[in-house]
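Have a look at the structure below, then the notes.
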Amino acid sequence: MKNDDQELGASELILAGKLLFGDRWKEEMKTALGLSDARRIRQWLTPQGQQSYRPIPPGVWGDIKGLLEQRKLNIDELISKIQSK
């Protein structure tokens, strides 16, 4: 999965995590993604060698996209309810 021809990486993972779950996002994202250990997320955030990060599998980005879309749907529904009052 690409974004403007650049690979999605650690900064996008952090942003998605914080948008979905707040400051303590790693543990909750681990659960939402069905990972057995939050160490996998930390590995995606830790530079390996010359500032390259362990790649985040495309399937994970698909799962994160689904989580973000569901959150957006929930927010949009609440906004509609508020606007109708």
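Filter region 26-85 down to residues that are assigned to a strand (DSSP E or B) and open to solvent by 60 Å² or more (accessible area, probe 1.4 Å), then give me how many there are.
Count: 3.
Give all pairs with beta carbons closer than 9 Å in which a residue from region 52-75 that is touching a residue at least 60 places away in the same chain (Cβ under 8 Å) and of a type in the set (S, T, N, Q) meets a residue that is surrounded by 12 or more Cβ atoms within 10 Å (Cβ to Cβ) and outside any helix (DSSP H, G or I); count only pairs at least 6 apart in sequence or on separate chains.
Note: no pairs meet the criteria.
Which condition number in (1) loosely packed, with under 12 Cβ neighbours inside 10 Å; (2) among the acidic types (Asp, Glu); (3) under 14 Å from the mean Cα position of the chain (by Cα) is the one that Glu12 fails?
Among (1) loosely packed, with under 12 Cβ neighbours inside 10 Å; (2) among the acidic types (Asp, Glu); (3) under 14 Å from the mean Cα position of the chain (by Cα), Glu12 violates only (1).
The values are calculated or read from the model by the stated rules, or taken from the named source; none is laboratory data. Just so we're clear, the structure is a prediction, and the values are computed from it rather than from any experiment. Ideal geometry is used to build each Cβ from the backbone, glycine not excepted, and the neighbour counts take in all protein chains shown. What goes into the accessible areas is simple: the full protein's heavy atoms, side chains included, and nothing from ligands, DNA or RNA. Shrake-Rupley method; radii C 1.70, N 1.55, O 1.52, S 1.80 Å.
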